[in-house]
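The values are calculated or read from the model by the stated rules, or taken from the named source; none is laboratory data. Please read all numbers here as calculations on a predicted model, not as lab measurements. As a convention, Cβ positions derive from the backbone with ideal geometry for all residues, glycine included, and neighbour counts pool all protein chains shown.
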Protein chains: 2
Amino acid sequence: MSLAAESTGVARTPAIPVLAVVGVGLIGGSFAAALRQAGHVGRVLGVGRNAQSLERARALGLIDAAATPAEAAAQADLVMLATPVGGLGAVLAQMREHLRPDTVLTDGGSTKAEVIDAARAALGDRIGQFVPGHPIAGAERTGPDAADAALYRQRNVILTPLPENGAAALARVRAAWQACGAQVLDMDAADHDRVLASVSHMPHLLSAVYMAQVVQAADADTRLALAGSGFRDFTRIAAGSPEMWRDIFLSNRAAMLAELADVRAVLDAAESALRARDGAALQDMLAVAADARRDWRKESH
Amino acid sequence: MSLAAESTGVARTPAIPVLAVVGVGLIGGSFAAALRQAGHVGRVLGVGRNAQSLERARALGLIDAAATPAEAAAQADLVMLATPVGGLGAVLAQMREHLRPDTVLTDGGSTKAEVIDAARAALGDRIGQFVPGHPIAGAERTGPDAADAALYRQRNVILTPLPENGAAALARVRAAWQACGAQVLDMDAADHDRVLASVSHMPHLLSAVYMAQVVQAADADTRLALAGSGFRDFTRIAAGSPEMWRDIFLSNRAAMLAELADVRAVLDAAESALRARDGAALQDMLAVAADARRDWRKESH
């Protein structure tokens, strides 16, 4: 961080003279804001299909100007693709022939295996310029107004480097995230997708399934009137964007189905214990869960 | 509340000259503290098997003296049974022959059908003196030190009156809860158990099952290190007392199994949609959940 702070000096060339952000909402806008605040970037270009969002991002100072994918590819030293996972391949395909050899691309998508497949298909022999990434940061708010230079501070950012990535490309992406205040970890893409299926996507699926069941009950009004603080916490994530989560689930389908089979095995055992009035088995499961939750990040929660 | 406040005047007889609380922890201790603060009770007796808890409750001013079940039955105008659901029948059996004809009993148990069965078996023809109840209030902390005169303010308390309950007995219990600042609702016991299975017990089961699955995975450490705020909220209730929740699940077994079948139906449909890559069906379910959660208590959340 001290190096980043030094680089705000007028006489220095910023680490990234031109940054392009595709998607100027929470993820992309916060990335731009954090790098600008750290003096890590010079000019910032914004790419997107929504002219109103781009104009709002400019008014907020997140970007300096709007650009097409081709312009961004030709001018940027680093391109952050902060688009929905499903739209990434199309943008990369538009950029490919305009990319400079030393332009580095990265993304902020919640799943990695599918993104990498799409990037390989779109970039072909330029795939080494794409460093897949995923910042683990909240996504409850959306749009340029949700952008926050502090969003990534002390958050984990996972990179899932490709065999084709050069050291310089990796270093550029890593340094950018560190300038945002994040901790950067490297993982295998399949490991990432399995872990995120477990700790992020599965809670969302279970919370939404449960909430849908409650509201479709004949006595839903009574239920919702008597729901308390446990219900409130358990269902908070179910309010998230249906479109975004649909895309995440589909994009991480294989890992989700595998995790779901494991969750079902524990659920089946609990149901069997309840059916058999097996209090000891129920208590064992509950104690494993309670101990694990109480031990989790004991230092901070 | 103004009547309750008036009754603190020295010259007045409090609405409940002698209150007995069986179990002087969060639920019973808070009941005593709230009624004392409202000037609704005179002397408070504490009943329990743990001498240390009783002494602590006395030191905290929650109770005036410890008493046996027989003494409480003979002396109290209102007895609050704030014991674990499984132990209620035994206490009532000890009280039965000592009960005055006008003593009113109530409880704070999380389930009602089983409690009522146990009370009928223990009290026989005195069952009309027992008014079943359930305050919907947090239970994360335990013991006399967790007692809080404000715990029940603006919280819902559900009574599930029996055909044998007289109007005077019902009115005494209702007035006591109102003096605690609670809103009192009447429900059928079976309706209560189904609704609570849904909005309280099911979230706990799902959260615990999920948490147990995560911590038993081979890469549990990585998972827990990368879990974020959604995971935190979704699993918060899984830290609750394994013994208490085991008892609640067993006590509400039939309603839980019925609810679980309904939750499984929605989960099965979601899994089928994911397996079939049916984005529209997934989004429909997610939208039902998101709309319901966003609409829930819009005024206060």
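What the table shows:
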read-out	value
Output for segment A:212-225, where each listed residue is in a helix (DSSP H, G or I) and more than 7 Å from chain B (Cβ to nearest Cβ)	A:Ala220, A:Asp221, A:Ala225
Unique residue being more than 17 Å from B:Ala189 (Cα to Cα), touching a helix residue (DSSP H, G or I) at 6+ places or on another chain (Cβ under 8 Å) and of a type in the set (A, V, I, L, M) when the list is B:Ala113, B:Ala73	B:Ala73
Top-ranked residue in segment B:187-217 [being over 23 Å from A:Arg194 (Cα atoms) and of a type in the set (S, T, N, Q); ranked as surrounded by the fewest Cβ atoms within 10 Å (Cβ to Cβ)]	B:Ser200
Number of the exception - A:Val184 against (1) of a type outside the set (S, T, N, Q); (2) touching a helix residue (DSSP H, G or I) at 6+ places or on another chain (Cβ under 8 Å); (3) buried (at least 22 other Cβ atoms within 10 Å of the Cβ)	(3)
Residues within segment B:261-295 that are more than 17 Å from A:Ser241 (Cβ to Cβ) and of a type in the set (S, T, N, Q), tallied	1
Cβ pairs under 7 Å, 6+ apart, first in segment A:79-95 and at negative phi, second surrounded by fewer than 18 Cβ atoms within 10 Å (Cβ to Cβ) and among the small types (Gly, Ala, Ser)	A:Gly89/A:Ala121; A:Gln94/A:Ala70; A:Met95/A:Ala70
Residue among B:Ala220, B:Ala269, B:Ala238 that is crowded, with 19+ Cβ neighbours inside 10 Å and closer than 30 Å to A:Ala239 by Cβ	B:Ala238
Count of segment A:119-151 residues which are surrounded by 18 or more Cβ atoms within 10 Å (Cβ to Cβ), among the small types (Gly, Ala, Ser) and over 17 Å from A:Val47 (Cβ atoms)	4
Residue among A:Gly39, A:Gly61, A:Gly46 that alone is surrounded by fewer than 19 Cβ atoms within 10 Å (Cβ to Cβ) and without any contact (Cβ under 8 Å) to a residue 60 or more places away in the chain	A:Gly61
Whichever residue in segment A:232-285 is polar (S, T, N, Q) and closer than 26 Å to B:His201 by Cβ and, among such residues, is farthest from the other protein chains (Cβ to nearest Cβ)	A:Ser272
Condition broken by A:Arg294, with the remaining ones in (1) facing chain B (nearest Cβ under 7 Å); (2) among the charged types (D, E, K, R); (3) under 20 Å from A:Met211 (Cα atoms); (4) under 29 Å from the mean Cα position of the chain (by Cα) satisfied	(3)
All helices (runs of 4 or more DSSP H) inside segment A:109-211 with 1 or more residues being within 29 Å of B:Arg275 (Cα to Cα)	A:113-123, A:189-196
Where B:Gly228 falls short, out of the listed (1) more than 7 Å from every other protein chain (Cβ to nearest Cβ); (2) surrounded by fewer than 23 Cβ atoms within 10 Å (Cβ to Cβ)	(1)
Contacts under 7 angstrom Cβ, first residue in segment B:241-267 being free of Cβ contacts under 8 Å to residues at least 60 places away in the same chain and part of a helix (DSSP H, G or I), partner among the aromatic types (Phe, Trp, Tyr) and crowded, with 22+ Cβ neighbours inside 10 Å, 6 or more apart	B:Met256/B:Phe249
Any hit, segment A:273-280, residues being of a type in the set (A, V, I, L, M, F, W, C) and not in a helix (DSSP H, G or I)	yes
Single condition A:Asp291 does not satisfy, out of (1) without any contact (Cβ under 8 Å) to a residue 60 or more places away in the chain; (2) closer than 28 Å to B:Leu274 by Cα	(2)
Which numbered condition B:Met95 misses (of (1) outside any helix (DSSP H, G or I); (2) modelled with pLDDT of 95 or more; (3) among the aliphatic types (A, V, I, L, M))	(1)
Leading residue by the ranking (surrounded by the most Cβ atoms within 10 Å (Cβ to Cβ)) among those in segment B:160-181 that are in contact (Cβ under 8 Å) with a residue 40 or more places away in the chain and touching a Gly at 6+ places or on another chain (Cβ under 9 Å)	B:Ala179
Near pairs, Cβ below 6 angstrom, 6+ apart or cross-chain, from segment B:189-205 (facing chain A (nearest Cβ under 7 Å)) to any residue that is outside any helix (DSSP H, G or I)	B:Val199/A:Ala227
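Rundown of residues vs (1) closer than 22 Å to B:Pro101 by Cα; (2) at pLDDT 95 or above; (3) small (Gly, Ala, Ser); (4) in contact with a Ser or Thr (Cβ under 6 Å, 6 or more places away or on another chain), yes/no style:
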residue	(1), (2), (3), (4)
B:His40	yes, yes, no, no
B:Val44	yes, yes, no, no
B:Asn50	no, no, no, no
B:Arg56	no, yes, no, no
B:Gly61	no, yes, yes, no
B:Ala67	yes, yes, yes, no
B:Glu71	yes, yes, no, no
B:Gln75	yes, yes, no, no
B:Leu78	yes, yes, no, no
